Every structure is written in C-alpha cells, then in structure tokens.
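Engineer: Quick one: the structure is below, and I'll ask about it shortly.
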Amino acid sequence: MGVYIRHFFLLALLITAFCIPAKAAYRFLPCFPDTNRTKSEDNSIKSKVHYTATDSIKLDMNNQKVYLFGNAVVEYENTVMKAAYLEVNFKTHVVLAEGRLDTAQKMIGKPVVKEGEKTFTARKMLYNYETKKGKIYEITTQEGDGKVLGEAVKKDSTNVYYIEDGRYSTCNLDEPHFAIHAHKLKVIANDKIVTGPANLQVMGINTPLAVPFGLFPNKRGRASGIIIPTYGESTNQGFFLRGGGYYFGISDFVDLALKGDIYSHGSWGLQAHSNYKVRYQYSGSLDLNFARTLIENTTSYNTSQDNFRIAWSHVQDPKLNPSSRFSASVNAATSNFNTYNSIRPSDYLGNTLQSNISWQKSFVGTPFNLSTNLRHSQNTLNKTVDLSLPDVTLSMNRISPFKRADAVGETWYDKIGVSALVEGKNQVHTGDSILFKDKTIKKFQSGVHANVPVSMSLRTHLKTKSRVLNSLNFFSMTPSLTLNDNVFFSTSRERYYPHSIKTGRDTVIIDTVPIIRNAFDYSLSVSMATKIYGTYSYRHFFVKQIHHVITPIIAFVYHPDYSDARYGYYKTVQNSFSGTYQTYSVFQNGLFAPPPSGLQEGINMSLNNNLEAKLRPHSDTATVPAKPVSIFDNFSISSAYNAAAPHFKWSPISISAQTAILKKKVTINAGTTLDPYMIGDDGNDIEKFEINHNNRIGHIANANLSIGTSIRSKDKNAGKPKQSSKGSPEELEHINLNPDAYVDFNLKWTLGVRYILSMNKSIVPNPYVMNDVTGLPNPVSVTNAVTQTFGFNGDVNLTQKWKVGFNSGYDVNKHNFSYTSINVYRDLHCWDMAFFWVPFGPRQSYSLDIKVKSAVLQDLKLSRKREWYDYNTN
C-alpha cells in the first residue's frame, strides 16, 4: 500500500512540475485541461493564476479544484483575493472566499478583494476572476470619501454593484455612527452612488428623516454638483435659505462655486468663490460677495446700503522665477459689509482693510531692484480710503565705490558705502462713498522722491595714521551724509481774508497751484558708540554674578534752516487783523514731507542698558553651570539738544524698558516721556525747567505699561506641519496654511493674559472763557488721563473630545467687559459640533452647527443661529 501512495505523490509532483514557476515552489498554476470540451468550447484561462496559503493546500485533480487554508491568497492579472479560506474552481473560474471563526467565536480572515485601486471586504463571496462578476454577502467597500455596506450584492463585469439593504456612510468604523440607509442601492465605480427611497440611520436606528432618492458623487478629483442651502429662521430677516448654489469642478487647476442667500423679508446675497493652482508656478483664490440687507425693527424696515466685498490672494512659487515675483493680497469692502455679513470677532474688532498687489524684479549681477505696488487702505469707522496707484521704487543696494578689488589691506575710504532709492507715487485720500466719482480722480497727487545716503564705519580694530581716529580707537564712529530730492507737481499758496462772512472771523484761504517744483535738502551726522562691560560677583548669595552692558550713543546732527527766504520753500502770511503772521511751507500739501524748517545743530543722545544675572546652582559641583536670567533685555534713555534753536533747546526725555520673566513666559514693556519744561496757565510749555522749580527732571507727558503672557501645554509637534492619512492633500495643505481656522485637540490648553496701563496729559478747557484770536475755549487745567484694560483668551480640552475657548477683556475706567465670546467644540468622530456665543454687548449672538466632517456629506448638518441684529430690534 505504501508503494502505491509513493507512486501517487510522485505522479502528482511530475504533473505539477511543468506548472510551477521558477523560484516560487509554494505557488501552483492549474494544469488540468478539460478533455471533454471541444475546441470551440475551450474556456481556458487567459493568464496565470497564482495562489498561496500559510496553513495547507489541498488539490482535487478530478474536479479541478484547489482548497487553501490559512491566510490564503489568489492572484490573477490585476485582481488579488485574500481570505482565511479560499476555494478555486478552475473549471468555472469561480473563487469561493470565506472567513473563519476562531476559538472565541470571532470572525477572522474576512475575504478581501482588490481590483486595481478598488478594494472591498465581505463575510462571504463568490467571484469569477475571468468575467469579474460576483455575488457578495455583507460587503464593505470604500467609495471616495465614504464607504458602502450591504447585505447581499451582485457585481457585474463593469464594476457596477447592485446592493440589497445597503448603507452609505463617511464614518470609518465597522459599524458606522450614521448612514444613509436604502433597500436598493447602486454603486457605479468612479462615478456616483444612486439609491431609491432612503432615510438617515443613527447608531443603527432608523430616523424619520427620509428622501425619495439619493445621489452621491463618487468621482476622484473635482466633480461638479449642486450645493444644498442651509435653511433656518432669523427674527428680523425671516425664513432663509443660505449658501445654496452650484459647484463647478472645471479642472484640476481651477474650480468655481456660485452661491446665494435669500430671506423671506427681502434680503438676499450672492457669492462667488474660485480656487486655482498650477503646481510649481502659482496658486490663489478669489472671492466676490454682494449683499442687500433689509432688517425689520419695531417701527419700519431699516434698509442698509448695498454691500460688497472682494478678496483676492495670489502667491507665486519661488521656483518659478527667483529674480521676478508677483503677488497679490486684496481685501476691500464697503464699510458696513462686515457689520451685517460676518460674525467673526476679527472682522468686528478690526476696522482697517488693506490690499497690496506687487511685482518685484531683481537684476541679477547688479545691485539694482525694481518694485511696483498698487496699495489700498480703508478705515471702516471714518469711511475713508487711501489709494496708491501705483508706487514705483527703484533701489540700489549698498556698494563701496572706492574699494579696490586688487588692493592689499584696507584704507578709510574703502569703508565708504553708498546706496540709493528713487520712488514715484500717485495717491489719493477720499471718502468711500465718492471713490468712483470724477472728483476723486481730480484729487490724485503725484510726486517723486530720491534718497542717497553716504556713510562709512570706522570700528575699534581699524588702524589709521590719523591721531584723532587713533584716540577714538575704542569707539565705533559712523559719519554720514544724506541727500534728499523731492519733485512736487503742485504747491500751496495762502491768502488772508479779514473777517470772512462764512466763518465769522479772520480766515486764511489755501490755493493749490499746479506747477512742477523741485525741493532739495541734505543733512550731516556723525555718530559714535561704544560698549562698557561690568561684572559684579557675590560669594554668599543665590546670585553668583551680575553682568551689565552699557551702550552709550551720541550723534552730532546738522542741517540748514530751509525756511530761509533764499531757498523759497517757506513763506509767511498774515493770519489776524492785529497783524500777526504765520509761516507755512509751499509743499505742505504734497505727498512728501517738505525740507525741515529751523537750523539744526544738535546732539542726539541715548544710553542703552542690558542687565543679566547668573544664579548659583543648587549643587556645588563644578560641572553644573550657573543659570543665566535676564533682568532687563533693554533699558534705554534718550533725548536731544539743539544748540541753534532759539527756544526750547531740549527735547523730551524718552525712557523705555523691556524684560521677560518666569522663563521668558511673561513679558513686561514700560515707557514714559518726561517733559523738562514747566506747563503754563494756558496748558502750553513755558521756558522754565522743572528741575529748577520743582526739583524733578520733568513732568510726565505720557506713560504706558503692558504685562502679558501666552502659555500653552507641551506639544511635541509644535512648529511642524500637520500630518494625517485622512483627507486629500489639498485639504491638508489648507489646514497648514490656515491653522487658526481649525480646532487642534492635540493642544490640551492655551492661555493668554494681558494688562495695559496708559497715562496721557489732558488739557481741560473752560467753556466760559474764550480766546479772542482762535475763538476756542481757553485751557485752565492739565490732568493726567489714566486708562486700564485687561484682556484674556484661551481654550482648554475638558476631555479628549471636548474643547472650550474664550476671549474677553475688562475696561477698568468704563467698568464694563469688552467684546466677549465663548466657543465650544465637540469631536463626534465622524461628526463635529461647534457652538459660538457672544453673551452680551452690541454683537450679542449665537450659532450652533452639528455637521458631518466629510466634504461629500457637508450638507448633512443642523444649524441654528441668532445674529446680533435679531436682539437689537428697537
């Protein structure tokens, strides 16, 4: 009997030897031709079938079947099937795949099939690897950003799945938290998912929320489709549909979303948003918004003006052209746009909108650079706009014109450096309501400014033949000459009219004379600086050493008196019937500052200090270094003296200090300005020194103190780009570019606290005593106005899924809280919740959003809002 068994195995080995590929002794290729089939009925496979198993493989040559046990794998062309148990029928080309129960009665080794980039799992499946058809039980397959689950599935050769009792969800759990449940569901690969009547299922429980049919995009890349609006109710604006429209997935480089809002009380709005990106060249986005807001109050409709906003961002990739760069950052809107169309704190608290479109060009191999800018600055409080169309600047980097390339050693004139700048401007300052009127074009001002600084630096290591320079060998000295030249395209002329009927008093009228006029000025300065080092050591104290660095700087400054009549830059005009005169510059209304008036022969002085301590270590071991602690990062005192001034030769004394304590986590900034002259009865300075009459250096003109800290929990990934296997590369890129727009649960807590104290001189007028010349009340007392404000913000993770944030402040003078907001975030795995609340104040409002995270089902959400104007109905 043993002989027959050996002969059987030998025959089996000989048969399979011709079918086993080289270097793959554990892989088997079927070699069982059907002798009963005619040539026309030949149904042999077109490619090789490879199969493996880690437990055992059983061959059934009579039935042409192979049974594979334990981590079984079958590969055919681009199809790979894995399961705990596989049964391959080479007659019918059908593979049966099943999982197995382990000792704990848990299903393991569920069948997994991969066709190209397509993968699906199931409890059991029958699959024809030739026709690509199959029948699958309890399927789970990934479709785009979501996955499909079904009880019984038929698959045809075109990768279309017909699912009975199916569910679609973007939750990645085996049993998803929510799903769209339908009795019939059709999946068209890389196209769409279509369902019959479907309802929302939460935690496996059917809800009454149903739709007659479902259609979900399943394409890779961009796909066009309808944007479902958010519905709700506003107390003042009525019922609304907001944010509905259509998304155009134009190409992989550009898209477009057109959306609109409509309210039952008549308000409406339109929005257009487009993103574009060309890899290694440029990227950007464009937003256009228009809104008409009608708010109903207790008496009548309050109609706001039509509001619009435009935002454009364009960034050029540095690799495209290192010597030329174009960029744009445009943010322009009507003054009331953010008031009625945004609830973001930054939009409400900010009152300035700015834009800049620029192009820079550097000329390689030369020191020259060219830049062109179109600038816009808008103040939404006073409703003014500043436009600069354009600014053109040509600059030259610092060069050493007298330095010889082949010289041995260095002389003093080798240190001379020259740079230059020429800029042309065309600007206008106007109100936003007349921005596009003809009168605005006539108000544009133009001018050209040129600046050429020439300087050299003589440092302590420099050795010269000059005895004067050698005597200052421990100082660094920097002589400089600055040349300025301005071209104005108009000048001003003032005329005196006694007792004008319009104003009821003497009037000086200013006329603008169109003319091209040049104004040249120069100034000379010589600055000297040195450093003085001091060290103080202590033997029996926790402070081991104190290091003190003093940096005194003194500068001698000279410029002529350009108000002298020989220059023609300044003129005088009578300003009262009594015969008094005032001096004015003919360039006072120009784009650039006129040459300075008054002779300057002065000295500018400053004294900078840096103080650092070294703490004695707890251990006396010599290897333990002393710990450095900063006492003052900088403590400076500065003032100036002008010997040529006829009056008030001394300038105010400025004192400032900056330091950081508690391991640099708390920053302290303080400063004050001391006026050395006394104050007269009219509130103005008189030429008497405070030190001579009040025994003090000067009175406080203003002072400020700010203390702040910003601390956070440790984050090992701080400063690193966010990484995730979920979402698209574009979504991850957007998160890294806009980190403040997303909630980071990895950061357990943050806290920011700030205190600001300021004091300024305030002149209190007497309304019953009038000045005969100015017609204004006479000041009778001078007081110091003190303001104090606190500010605090932060957030904290209550749990791994709950985060609470806050932002507020307190005005001590007004005894009231400033803008206060509270944010609550909840991570619901495949859902998230965001609650934004402004509990009081003029922007009192709240919003609650519960929505699916996935962009595919972004319209599956619950929103409830109440805007600030819903509270202010009177």
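No value in this document is a laboratory result; all are computed from the given coordinates. Computed from a predicted model, the values in this text were never measured in an experiment. Neighbour counts are summed over all protein chains in view; Cβ atoms, including those assigned to glycine, are modelled from backbone coordinates with ideal geometry.
Engineer: What spacing in nm lies between the two simple spin-label points modelled at V80 and Q545, each 7 Å away from Cα in the Cβ direction?
Structural biologist: The two pseudo-label positions are separated by 6.4 nm.
Engineer: Show which lysines lie in cross-link reach of K361 when reach means a straight Cα distance below 24 angstrom and same-chain residues fewer than eight apart are skipped.
Structural biologist: Partners found: K277, K319, K425.
Engineer: When the distances between all Cα atoms of the stretch 364-417 are binned every 10 Å from zero, what whole-number percent does each bin get?
Structural biologist: The distribution over the stretch 364-417 is 18, 25, 20, 16, 13, 6, 1, given as percents.
Engineer: Rounded to two decimals, what is Rg over Rh for the stretch 487-559 when you use alpha-carbon atoms and the Kirkwood radius?
Structural biologist: Ratio of gyration radius to Kirkwood radius: 1.52.
Engineer: Sticking with this structure for a sec: When only alpha-carbon atoms are used, what values of Rg and Dmax, in angstrom, describe the stretch 517-673?
Structural biologist: Radius of gyration, then largest Cα-Cα span, for the stretch 517-673: 24.8, 85 Å.
Engineer: Something else: Are there trypsin sites (Lys or Arg not before Pro) in the stretch 306-382 that DSSP puts in a loop and that have at most 11 other Cβ atoms within 10 Å, and which ones?
Structural biologist: Here the sparse-neighbourhood loop sites are K319.
Engineer: Moving to a separate point now. Which loop-located trypsin sites (Lys or Arg not before Pro) does the stretch 557-641 contain, where loop means any DSSP state but H, G, I, E or B and the Cβ has at most 15 other Cβ atoms within 10 Å?
Structural biologist: Answer in residue order: R566.
Engineer: Determine Rg/Rh for the stretch 633-712; Rg is computed over alpha-carbon atoms and Rh is the Kirkwood hydrodynamic estimate from the same atoms.
Structural biologist: Across the stretch 633-712, the Cα-based Rg/Rh ratio is 1.14.
Engineer: Determine the shape class of the stretch 539-592: with a ≥ b ≥ c the square roots of the Cα gyration tensor eigenvalues, call it rounded for a/c under 1.5, and otherwise prolate if a/b is greater than b/c, oblate otherwise.
Structural biologist: Prolate, since a/c reaches 1.5 and a/b exceeds b/c.
Engineer: Right, another one. Pairs K688/K814; K663/K714; K531/K649; K133/K186; K65/K114; K133/K184: which exceed 25 Å Cα-Cα?
Structural biologist: K688/K814; K531/K649
Engineer: Given the stretch 48-178, what whole percent of its Cα pairs are spread farther than 19 Å?
Structural biologist: Summing the P(r) tail past 19 Å for the stretch 48-178 gives 49 percent.
Engineer: A follow-up question, please. What is the projected area of the convex hull of the Cα atoms of the stretch 45-100, averaged over all directions, in nm²?
Structural biologist: 3.6 nm²
Engineer: Follow-up. Can you pick out the pairs among K82/K748; K154/K853; K259/K383 whose Cα atoms lie more than 32 Å from each other?
Structural biologist: Result: K82/K748 exceed 32 Å.
Engineer: Can I ask one more? Taking loop as defined by DSSP and a crowding limit of 11 other beta carbons within 10 Å, which trypsin sites (Lys or Arg not before Pro) in the stretch 43-102 fit?
Structural biologist: K46
Engineer: Turning to a different aspect of this structure: Normalising by the residue count of the stretch 597-663, find the relative contact order in percent from Cα pairs under 8 Å and 6+ residues apart.
Structural biologist: Value for the stretch 597-663: 36 percent.
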